[in-house]
Amino acid sequence: MSSSCPSDRRRFLAGMLALSAQAGLLLGCEQPGPPLRVSTNPWPAYDVLHVAKALGLLDQRGLQVDLLANDSPGSSRRALERGLVDGFCSTLVEVLQVANTTGLCPRILAVLDHSSGADVLIGREGMISPYDLRHKRIAIEPGTVHLQLLTLALESVQLLVSDVVLVPTPQPAMPAAFADGLVDGAVCFPPESNRLVELGGRVLFTSARVPGQIVDVLTFSPLCVERRGAELQRLVQVYFLVQEMVQQGHPASLQTMAQREGVSLSELQQTMAGVAFVGREAQARLLHPQGSVAQAMDTLQSAMQALGLLQRRRPVADFFGPAGA
């Protein structure tokens with residue numbers, strides 16, 4: 001029997017390695033993909049993702065996540081519309097706006113919280129109700145939850161959005177606009193709402209008056225959900241793990257959130273008093289096709305269509321991700 005030369009053995013081993021690699025692909029071995037890109041703006045429920053990253057919990061679960069920090073709901077929404085990110089944290093208004101702009105329905109994978117007083121309508125000193133803003137100029141960031149809260153506030157005093165003058169304003173610019181007398185009211189949330197009150201503003205309506213109607217969600221593009229469902233499932237699991245730490249008052253978590261918000265710990269705790277986190281146990285009920293989130297989206301579509309903000313209604317089921325995603 002003749003022995004193989006070293007070059008023959010090298011060719012044999014190379015061939016076996018190539019076959020092993022092909023077998024791994026056939027068996028469905030996942031190759032590491034690019035980092036998941038998620039857009040957020042300052043808000044306690046969204047800051048949970050930044051806490052998860054700061055504590056290294058995303059890395060521990062084998063997740064590469066780039067968090068794009070924006071300064072307002074509108075800029076965060078536009079990042080998804082332009083394909084700069086794979087997903088974002090937002091309210092239902094922004095989700096519907098993305099669908100209207102892009103023609104694609106983002107998939108809601110988790111409900112993060114519902115606002116319970118943190119979103120506010122503020123007017124000038126001496127005003128006592130939303131009715132005092134009739135025919136007045138109100139700062140609002142178009143295509144965001146501001147519209148939903150304003151609509152609810154005006155409805156509480158039998159007014160319509162057409163009864164006020166909307167002044168498109170990015171939320172970070174609202175305190176200056178209010179101080180300069182450019183607007184008589186504003187719809188916003190902390191930290192800007194705190195600044196408006198410091199300037200003499202009076203809170204006329206809050207989301208506590210409409211419990212459960214203004215919710216925040218974690219949403220991804222349909223293509224990302226289709227291609228990277230397993231990673232997204234792990235991301236959602238980490239989110240709720242860290243959410244529990246935040247609710248238990250984990251010191252490093254709260255410090256990270258306060259830095260993200262640009263506020264003191266006491267201001268952060270004041271904001272969080274107006275936010276009701278939603279845990280993992282409530283997800284199946286809330287995200288059921290006939291659940292409260294679906295009903296809220298249906299109602300919102302009607303309101304946004306009436307204001308000319310949506311070109312057409314979409315089946316609510318199109319916004320929900322597949323089971324387990």
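A 1.4 Å probe run over the protein chains yields, for region 155-304, 46 Å² of accessible area per residue, whole-number rounding. Amide H to amide H distances under 5 Å link C188 with V120, I122, where only residues 5 or more positions off or on other chains count and H is placed in the peptide plane.
With the helix formula -39500 (n - 2.57) applied to DSSP H stretches of n ≥ 4, the chain reaches a computed 222 nm mean residue ellipticity of -13000 deg cm²/dmol. In the elastic network of the chain, a GNM with C-alpha springs shorter than 10 Å, the most mobile of I138, I128, I214 is I128. What a 1.4 Å probe finds exposed on the chain is 55% carbon and sulfur by accessible area, rounded to a whole percent. Taking amide H as placed 1.01 Å from N in the peptide plane, Q64 has its amide H under 5 Å from the amide H of L36, each at least 5 places away in sequence or on another chain. Scanning residues 5 or more positions from F205 or on other chains, those with amide H under 5 Å from its amide H are L121, with H placed 1.01 Å from N in the peptide plane. Here the Karplus curve 6.51 cos²θ - 1.76 cosθ + 1.60, taken at θ = phi - 60°, turns the phi angles of region 103-118 into couplings of x, 10, 8, x, 9, 7, 9, 7, 9, 8, 6, 10, 6, 10, x, 6 Hz, with x standing for Gly and Pro. Comparing C224, C89, C188 in a Gaussian network model of the chain, where Cα atoms under 10 Å apart are tied by springs, the biggest mean-square fluctuation is seen for C224. Couplings 3J(HN,Hα) for region 59-68, derived from phi with the Karplus relation 6.51 cos²θ - 1.76 cosθ + 1.60 (θ = phi - 60°), are 4, 4, 9, x, 10, 9, 10, 9, 9, 8 Hz, where x marks Gly and Pro.
The values are calculated or read from the model by the stated rules, or taken from the named source; none is laboratory data. This is a predicted model, so every value here is computed, not measured. Surface areas here come from the heavy atoms of the whole protein model, side chains and all, with no ligands, DNA or RNA. Shrake-Rupley method; radii C 1.70, N 1.55, O 1.52, S 1.80 Å.
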